[in-house]
Structures are given as C-alpha cells and as structure tokens.
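Shown next, in structure tokens, is the structure this report addresses.
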Amino acid sequence: MKIDILTLFPEAFSPLKTSILARAEESGLLEINIINIRDFSQDKHKKCDDYPFGGGAGMLMTVQPLFDAIKSVYDEKAKIIFPSPIGKTYNVQKAQQLSQFQHLIFVCGHYEGVDDRLFQLFDIEQISIGDYVLTGGEIPSMVIIDSLARFVDGVITKESLDSESFSNGCLEYPQYTRPQEFMGLKVPDVLVSGNHQEVDKWRREQSLLRTKEIRKDLYDKLNNTQDN
Ligand code: 4G0
C-alpha cells in the first residue's frame, strides 16, 4: 500500500519512521511519502493561510496549495482522507476497510480548517478520531495510518489481530506473564493448568464480563437476547 501524507508540518511524522511501521516499509509492504504542502504555494512568500470571508476567528488554509499538492500525487485508484472534527467517527471497521486500498492520500488541516471548495474539487472522505478538536490533522492521520496498517497483510500476524479487543465485538481478556506470583498476587490457576479448553472458556467469560462492565454499548450489540 502507498500512503501519501500532505502536511505543513512534515517533521511531525517522525514517529511513523520508527517501530512496526518502519519495519513494514523496509519489507516493502508499505510506502509512506511525506509531502510539504508549502512547496506548492504559488504565493511569493509561500503563504498557505488567509482570513475567512465573512469574518470570524482565526485563519483558513487556502485552496491553491492544497489543490496542487493533491494533484501531484493523485491517481484514479487513490482515496483521499481529511481528518476533521466534522467527519464520521473512526473505528476498527473503517480501519479494515481502508487497509484494502492500494493508495491513500492524507490531507492534514491546520488553523480553523480549509477553504470548503477543496471538497468540491476532489472526492474527499472526512474522518474524525473522536469528539474533540486538535491543533492539526497530523496526529489523527498518524492514528488512522497506524491502526489501518495493522490490517495490511503481513504487517502483523493474523493471530494477534484475532485475539485483540474489538475483533470479535468485545474487549480483550486479562493477560499475565512471569513471575507467577508478585507482591502476593497470583496468576489465575486456570492459565497455568495446561488445559487449553478451560483456558479458552475462561478467556471468553472474562471478555464478556469486562465488556459488560466497561462497555455496555458494545455488550448490548453482542446479540445477547437474554436480559442483562
Ligand atoms: C479541520 C481532526 C481540521 C477543521 C482534526 C480542525 C480533531 C480532529 C482541523 C478543523 C483536527 C478529529 C474546524 C477546528 C485540524 N482536530 N477529531 N484538527 N476545525 O479527528
């Protein structure tokens, strides 16, 4: 998968150049390009923002540098994503869906947003990572890229995807590693019993208990027809 990131702050993406995603890039599964929108400004001072018509707080990103930056990377198979507080809320289903594209283009907004004509010029999906406002679209872009890259074949193992939270609609069960006892706290006996059927049963029960306790909204969706 190819991912182009258009931003006024290329240096904000150094976290993507480490860890799992760096390995995915080295193995050729992922190609991530970071493009500075400012390089496309036709303004003599490379200006990329201006005051909103009609007045109001703050500045907007102007349309010309964004238009030319997108045109420079666009192809027919590309999907353009704009992280924004007005987008539909992101979730694991959207991550899986996005992971199937060959080419994603992330446009990072700053200031109070962008000139709305951008959304008439291109087919752009606005996505929100949650109901709060950040100073820029860089962190939401990284959140979306990190989470969708995990579903790109080969980036991580199928087993880790299947066992994690949300994959089966509920929260992941508690886990333990060595030592078997710490500060008087013991690992549950069933996990060291060697009985895999009992281990699986315990984990399913714990998953359900946790989901009911912490995420009643998810629990109610688990087509539990009994009363809770
Ligand atoms: C567009 C996304 C982009 C418009 C981006 C701000 C939060 C999210 C930005 C604005 C972002 C999110 C109108 C303030 C950049 N903040 N929840 N900031 N406005 O996904």
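Helix-derived [θ] at 222 nm for the chain: sum -39500 (n - 2.57) over DSSP H runs of at least 4, divide by residue count, nearest 500? Present the calculation step by step, with values, prior to reporting the outcome.
Details: 8 runs with 72 residues, N = 228.
For the chain, the value works out to -9000 deg cm²/dmol.
Given +1 on the Cβ of Lys and Arg, -1 on the Cβ of Asp and Glu, and no further charges, what dipole in debye does the chain carry about its Cα centre, rounded to the nearest 20?
Details: 25 positive and 34 negative charges, 42 e Å.
Around 200 debye, computed over the chain.
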Just LEU104, LEU121, LEU171 to compare: in a GNM of the chain, with alpha carbon springs under 10 Å, which one fluctuates most?
LEU121
I want the local charge near VAL155. Using Cβ-Cβ distances under 12 Å, sum +1 for each Lys or Arg and -1 for each Asp or Glu among the other residues.
-1
Rounded to the nearest Å, what's the spacing between the alpha carbon centres of region 158-228 and region 76-106? Just the number, please.
30 Å
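If you put +1 on each Lys and Arg Cβ and -1 on each Asp and Glu Cβ, how big is the dipole of region 52-139 around its Cα centre, in Debye rounded to 20?
Values: 6 positive and 10 negative charges, 40 e Å.
Using Cβ point charges on Lys, Arg, Asp and Glu, region 52-139 gives about 200 debye.
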State whether region 75-155 is rounded, prolate or oblate according to the following rule on the C-alpha gyration tensor (a ≥ b ≥ c being the square roots of its eigenvalues): a/c under 1.5 gives rounded; otherwise a/b larger than b/c gives prolate, and the remaining case gives oblate.
oblate
Ignoring GluC sites (Glu not before Pro) that are buried or in helix or strand per DSSP, and keeping those with at most 15 other beta carbon atoms within 10 Å, what is the longest stretch of the chain between them?
1-75
Around GLN180, under 13 Å between beta carbons, what's the net of Lys plus Arg minus Asp minus Glu among the other residues?
0
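Note the full-extension length gain between LYS47 and GLU125 as 0.36 nm times their separation in residues minus their Cα-Cα distance, in nm to one decimal.
25.5 nm
Can you pull out the trypsin sites (Lys or Arg not before Pro) in region 165-228 whose DSSP state is coil and whose Cβ has at most 12 other Cβ atoms within 10 Å?
On the way: sites: LYS186, LYS201, ARG203, ARG204, ARG210, LYS212, ARG215, LYS216, LYS221; in loops: ARG215, LYS221.
In loop regions of region 165-228 (DSSP not H, G, I, E or B), the sparsely surrounded trypsin sites (Lys or Arg not before Pro) are LYS221.
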Nearest 5 percent is fine: what portion of the DSSP beta bridges confined to the chain is antiparallel?
20 percent
Of GLY56, GLY109, ALA95, which is farthest on the positive side of the dipole of the chain, counting Cα position, with +1 on Lys and Arg Cβ, -1 on Asp and Glu Cβ, and the Cα centre as origin?
ALA95
Using the Cα centre of the chain as origin and beta-carbon charges of +1 (Lys, Arg) and -1 (Asp, Glu), tell me which of PHE122, THR177, SER27 is placed farthest towards the positive end of the dipole.
THR177
Go through region 86-125 and name the trypsin sites (Lys or Arg not before Pro) that are in a DSSP coil and have 12 or fewer other Cβ atoms within 10 Å of their Cβ.
ARG117
Arrange the residues ASP75, ASP4 by how much accessible surface each exposes, largest first, with a 1.4 angstrom probe.
ASP75, ASP4
Qualifying trypsin sites (Lys or Arg not before Pro) for region 1-87 [loop in DSSP, other Cβ within 10 Å: at most 15]
LYS44, LYS46, LYS47, LYS77
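Averaged per residue, what accessible surface does region 147-228 expose to a 1.4 Å probe, in Å²? Before the final figure, lay out the partial values.
On the way: 6230 Å² over 82 residues.
Solvent-accessible surface per residue comes out at 76 Å².
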Charged-residue dipole, Cβ positions (Lys, Arg, Asp, Glu), region 163-228 about Cα centre, Debye nearest 20:
80 debye
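What's the longest piece of the chain with no exposed chymotrypsin sites (Phe, Trp or Tyr not before Pro), counting a site as exposed if DSSP puts it in a loop and it has at most 13 other beta carbons within 10 Å?
Result, exposed sites excluded: 54-131.
Probe radius 1.4 Å, ligands and nucleic acids ignored: give me the carbon and sulfur share of the accessible area of region 1-53 as a rounded percent.
Details: 1700 of 3160 Å².
Here carbon and sulfur together make up 54 percent of the probe-accessible area.
The values are calculated or read from the model by the stated rules, or taken from the named source; none is laboratory data. Being a predicted model, the structure only gives us computed values, none of them experimental. Because the Cβ atoms are built from the backbone with ideal geometry, glycine has one as well, and the counts that use them run over all protein chains shown. Only protein heavy atoms, including side chains, enter the accessible area calculation; ligands, DNA and RNA are left aside. Shrake-Rupley method; radii C 1.70, N 1.55, O 1.52, S 1.80 Å.
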